[in-house]
Each structure stands twice: as structure tokens, then as C-alpha cells.
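Below is one structure, written out as C-alpha cells; the observations come after it.
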Amino acid sequence: MATTETKPYFRFLSIEDEEIKDDILTMSVSSEYPVKRGFGEEILEHTPEAIDLKRFNDNAPILWSHNVSEQVGVILRAYLVDKKLKVDMRFGNSAKAKEIEADVRQKIIRNVSIGYAVHEMEERDGQFYATRWEPLEASFVSVASDPNVGVQRSQPQIQNTIPTKQMDSSNTQAISTINNGWDEYTREADQFSLVNAIKAQASGDWSQAGREREVGQELARKYGTRTATGILVPNHSWSKRTFVASSASAGGNLIQTDVLSDQFVDALRPYSAVMEAGATMITGLQGNVSIPKRATSSTAEWFGADDADSISESVGTFGTVSMVPKSIGVYSKFSRLMQLQSTPDIENLIRQDFLELIGTGIDAAAIAGTGSSSQPTGILSASGTTVLALATNGSAASLDNLLTLKKNVGAANVIDDGTMAYLTNSKVESAISQLKDGNSAYHLNPYTAPLGEQKFAGKRMLISNNCPSNLTKGSGSNLSAIIFGKFSDLLIGQWSGIEIETDIYSDFAKGTVGVRAITTIDIAVRHGASFSIIKDAIAA
């Protein structure tokens, strides 16, 4: 089975069979000892047919700890001896090089590592054999753990690679040593290109999208998802693309995958009023989920210090909020997509298009989802909310009505955690903003904040036209909804990343590529009492 790799790997060994003559050090740098990777045990075949030694025999660098800015020597010759890769090397003249040379001669530094790229791989009896691979550089390192060969590996670097078909060897990235496989995945996912993934899907040629295919397959393994033709996109790849990868010294190794899912939420937030308000996003779900909620509370009592009093028993009751996977999909078309280059501007343009569609879809369902026809249940259909009815056939909302919504939530002892806000559509916003007193003075100053950023009674008023203006009641029609509540009690669960799939056939004659994006989510209101709503406001 062939594989696609777009990044270097490492194997770390202890210097045991070195030979120093004059200023030339001869040592083994790799062997066929199996190393555990995310996909299984990897074995590098050490045959002339398997190893491409062009780089190593062209004055390849010897580094310190894979730091490309700290070259301490040069490889003079690379060759195979008894299934091991050996090199003759000479130390440099820099202070660092002299320091490393002295430590090697005194056997203080005992470990060496190579960075390499795999071009082809085969699976045999559960092990993965690199049948065509290329060493890129060698480094002296500090830690080793494998005593079985002459030049032994350090603690394995779990790279979580996925076997695929070909490799784009021009995309190898800067080398660093990492002990956590998901950290390596994170670095690769940071450079995930939507354009490359879509172009590869449309053409069937993944030679320029090895990273994207590998990351997508890693996500499929993580989520237990198997997709025949689509590819999963990592959540944090939806953030604005700058093409700058964080180094380990800048904190790149400290970011965990689960935390990076927040970047997807941040990217969606401008397109979703409920997320902007503070809805709780729960990612990485598997199967059906039940989330606990407190139905009734216990009570606290004061008692004396003379042991004469006792605390009365009061039992709080708990319920659950169920979340079941539901799929949301969006479809967009791009002309001349196959000619596009993967530049930051193009990447961000396509990301913005999908984020706007997905964010709008989530927003509409979170506000007005009916709970039927495969829709989630939104706030307006949730049970336990307090509904303020204005009139038999609807009525214009007053400032008093808005204050009543706020009072209803407060009367339910809902504590504001900073996410309490009003949410309505632009029609209601305009009508409320134009209310005047008997002297024709505005009750609210329409110039106190930019449109959509006003506050009322000290609470934010967010505007989304996903808040419906087509409701009916009695003989009234085109009625609007107004919501006040604690939006952190609105839960949005996500089961997997976003899967993208291409369609090159529907508009083949036009050269247009259709792209569908699908993700699996559900929406639930954890505490109905956290929301008070109006569903019959008249607003022109």
C-alpha cells in the first residue's frame, strides 16, 4: 500500500558504534527497528532501492535537536552497512559545534536522530514498511530509550500519519521533536488548506494535498467516522488563515486539540447571533448524549453552634437534556476553482462563504427550530420557557413588554453569568428604536451605539433576521419574536468536524465545482426558565 506524506519524521538512536578518526566521525543514524506510529508500527527498509540518499550525499546538515538555525556539522558521506544507515560527518567551527563535538568525544552526548520523509509505504502483516523514503537531516539530541541497535531511538515521536497514495515531497515543514501525537496533528491541521482539499477531491489527484488527506483521515479515526468520498476538516482550520505556523518556543506545543475546537466557535460567532450572545458549544460528542440539569434546588439553612439545631433534609431533583445527532448541510458553487491558488485571501474567501452559511443555519435552528423534520428544537419551541402574550392577534411591543421579559427571567432566580441578552430581528429593533414620548422625544437614543449593538435595561440587544418575522396568531400574520434570556443555557453540541464533498458533474460545461459541507449537531435548551419570549409582536 502506497502512502502520502508531506512532513518529516524522526527516529532517535544512541551513539554506540561511532568511530572518530582525525576530525571525521562515523556513526549509524538509523536501522530497521520498528517504531510505533499513530497508524501502527513503522519499519524503514534499509536497502539501496528503498533509501534515497541524494540529500545526505550532498553535504546534508548535522543539527542540534532538529533546530535548523543550529547547524553543528555536515555529512560527508552516507552509505548502508548491515541494514543500518551510516554517515561520515565533520563538526563545524562555531562555538556551538565545538561544544557539541567535545560532549560527543567525552560521551556526554550519546544520542542521534534523523528527520526523514516517507514517499511510499506497504502494509505487511499489520506492520507498515517504508519502501521508499528519504533522510533529510541528522541531529544530535539528548534523550534515548531504545537499547536494541547501534544508534538507538529516543522516546518515539507519535506523528499520527495515515497511509494514502502519493507524496508531495516539496511541502516538508520545519522539524521539531514532540512527544504527543496530537500536537503533531495540530501543527499539520494548522496548515490545512480548503482549496487544496477541494481541488484534490474534484480532480482525484491528492499529490498536492497529502497533508489534507492525512488530517482528514485522522479526524475520521478520532470521530469513528468513515466517509466514502468526503473529507473532514479540522475545527480550528476554519479560523482566518494567515499561513503562519506557531513554533514550539512560541507556545505551539502547548495547544491541545480539544481547546482548538474553540477556534471554530470563534470563527462562526460573527455569523451566529446565539453564539455571539454566549451559547454553550459542546464539541467532540459521540452517540446520543444526556446532559444533567437541576429541576428543583435544595435549600440552605442556618443552625446554632450548641448542637441543639439540625439541618432539615431538602432534596434537589435532577433531570436530563437529551441531544441526538442531526446533520446540517450547505451547498456552494465556485467557478474556476481548479485554477485557484491556495493563497490566504482565497482560503479566507471560501472559509467565509461556508462559515456564513453554516452559522446562519445554526442560528435559525437555535432560535426557531421546530424539533420536527430533522430539525433541532430551538428556543421558541423549547418547553419551560415563559411566553408573554401581547394580544389575541398580536400587538406592537412596548418598552414595558421588554422589561417584563427581563423580570420573568429574574423571577425564576436565573443568575446572570454575562450571557443575558435580548435577541430580535431588525424590524422589531427599528420599531423599538422609534418609540417616542408625548413630547416626540425618543425613549431610546438611536445614536448611542452602532446598529445592532444597542443595550436596553443594561442588557445587550442582538439582532438577527433568523429571529422570525413571519409568525401567525389569530388573524395576525407576519408577527415577530423577541427573546430575552441567559444564552449559556442554550447548548449546541457537535459530533464531528465539517465534512466537505465536491460535485464536478452538475455544472461541468460551465467549469463550476459544487461543494457541499456537512456537520452533525444538535441544539437544546438546558433550562427553559432561563428564557422569556414574545411570539406576537407587530413590527412593520
* Asked: Which entries in the list K473/K535; K36/K86; K436/K535; K427/K473 go over 20 Å, if you measure between the two C-alpha atoms of each?
  -> K36/K86; K436/K535
* To do: Mind giving me the nanometre distance, one decimal, between the label points for E356 and L76, set 7 Å out from Cα along Cα→Cβ?
  => 6.3 nm
* How far apart, in nm, are two points set 7 Å out from the Cα along the Cα-to-Cβ line at D125 and at A540? -> 8.4 nm
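Gain in length, T404 to V324, computed as 0.36 nm per residue apart minus the alpha-carbon separation, to one decimal in nm?
On the way: separation 80, 0.36 × 80 = 28.80 nm, distance 3.36 nm.
Between T404 and V324, full extension yields an extra 25.4 nm.
What ranking do 356-364, 370-378, 410-418 get when scored by the average of other Cβ atoms within 10 Å per residue, highest first?
Values: 356-364: 20.6, 370-378: 14.9, 410-418: 12.1.
Highest to lowest by the protection proxy: 356-364, 370-378, 410-418.
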* To do: Please give, to one decimal in nm, the separation of the simple spin-label points placed at N93 and A389, each 7 Å out from Cα toward the Cβ.
  => 9.4 nm
* When Lys and Arg each count +1 and Asp and Glu each count -1, what net charge do the other residues less than 9 Å away from T131, Cβ to Cβ, add up to? -> -3
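Every number in this text was worked out from the coordinates using simple rules, so none of it is lab data. What you are looking at is a predicted structure, and each value in this text was computed from that prediction instead of being measured. Counting neighbours? That spans all protein chains shown, and the Cβs are built from the backbone with ideal geometry, glycine included.
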